[in-house]
Structure formats: C-alpha cells, structure tokens
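Note sheet for the following structure.
The values are calculated or read from the model by the stated rules, or taken from the named source; none is laboratory data. Worth saying up front: this structure is predicted, and the values here are computed from it rather than measured. Every residue, glycine as well, gets a Cβ built from its backbone with ideal geometry; the counts of neighbours run over all protein chains shown. These area figures cover heavy atoms from the full protein model, side chains too; ligands, DNA and RNA do not enter into them. Shrake-Rupley method; radii C 1.70, N 1.55, O 1.52, S 1.80 Å.
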Amino acid sequence: SVTRGRGADFAVQRAGLEALLRRDAAREQDRLRVSARPAGPFGAYATRRPRADERPYRTLLRSVRPLSASCDCPDFLRNALGACKHVLAVLHD
C-alpha cells in the first residue's frame with residue numbers, strides 16, 4: 001500500500017539521520033581536526049586525531065549542496081551514507 005511505502009521511507013530516513021548523528025558524536029569524541037586543506041573550500045583535506053603518529057585520512061569535498069564528498073577511511077568505503085566522521089569534520093571546520 002502507499003501508506004506502508006511512506007512509512008518505510010520515513011524509517012529509512014530516520015535510520016540514516018541517526019547514523020549521521022552517531023558519526024558526528026564520534027567526530028567530537030575523537031576530537032578530529034583538519035590538518036591540511038585546499039586553497040579554496042573544495043578539494044582534498046587531511047583529517048586526523050590530535051595524536052601526531054596516527055595517519056591522516058584523505059577527505060575530498062566536491063560540493064556542499066548537494067553534498068558530494070569521499071574519504072579513504074574504512075567507514076566511508078563500506079557505508080551508504082555518503083559521509084563519515086571525517087567528512088563531518090571537514091564540514092564542521
């Protein structure tokens with residue numbers, strides 16, 4: 001039925017929003033920061049935790065509206081959100 005489809009759409013949207021909120025909480029908890037940025041707002045960023053011995057992740061921001069970004073972290077590569085805590089760190093910065 002049409003109603004069942006609309007409810008399913010809402011459930012999927014809610015689950016996606018909750019997943020993004022979890023990643024944003026992880027961004028804050030890990031104190032992720034941008035350690036390198038392009039000359040303009042779009043391009044390749046490096047994001048990392050405060051510890052200098054950890055490898056930075058490469059995060060590419062192509063567009064904000066609509067969001068078009070990628071990251072070489074394992075979470076981005078396996079989720080279907082189009083975002084991860086590193087992408088959120090770039091947006092927050």
Q. Using Cα atoms only, what is the angle between the long axis of helix 2-30 and the major principal axis of the chain, expressed in degrees (0 to 90) to the nearest 10?
A. 20 degrees
**Q.** Probe 1.4 Å, protein heavy atoms only - accessible area per residue of the chain in square angstrom
**A.** 69 Å²
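How would you classify region 9-68 from its alpha-carbon gyration tensor, with a ≥ b ≥ c the square roots of the eigenvalues: rounded for a/c under 1.5, else prolate if a/b is greater than b/c, otherwise oblate?
Numbers: a/c = 3.43, a/b = 1.40, b/c = 2.46.
Taking the square roots of the gyration eigenvalues as a ≥ b ≥ c, region 9-68 is oblate.
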(Q) Under 5 Å between amide hydrogens, which residues at least 5 positions from D72 or on another chain qualify, with H placed 1.01 Å from N in the peptide plane? (A) R58
Q: Could you look at the chain and say what percent of its accessible area is carbon and sulfur, using a 1.4 Å probe and all protein chains?
A: 54 percent
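Take every Cα pair under 8 Å in the chain that's 6+ residues apart, average their separations, divide by the length, and report that relative contact order as a whole percent.
Working: 127 pairs, mean separation 22.5, N = 93.
24 percent.
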Q) So how far apart, in nm, are the two label points at R78 and E18 if each is 7 Å from Cα heading toward Cβ? A) 2.0 nm
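Run the dipole for the chain about the Cα centre, Lys and Arg Cβ at +1, Asp and Glu Cβ at -1, nothing else charged, and hand back the magnitude in debye, nearest 20.
Around 40 debye, computed over the chain.
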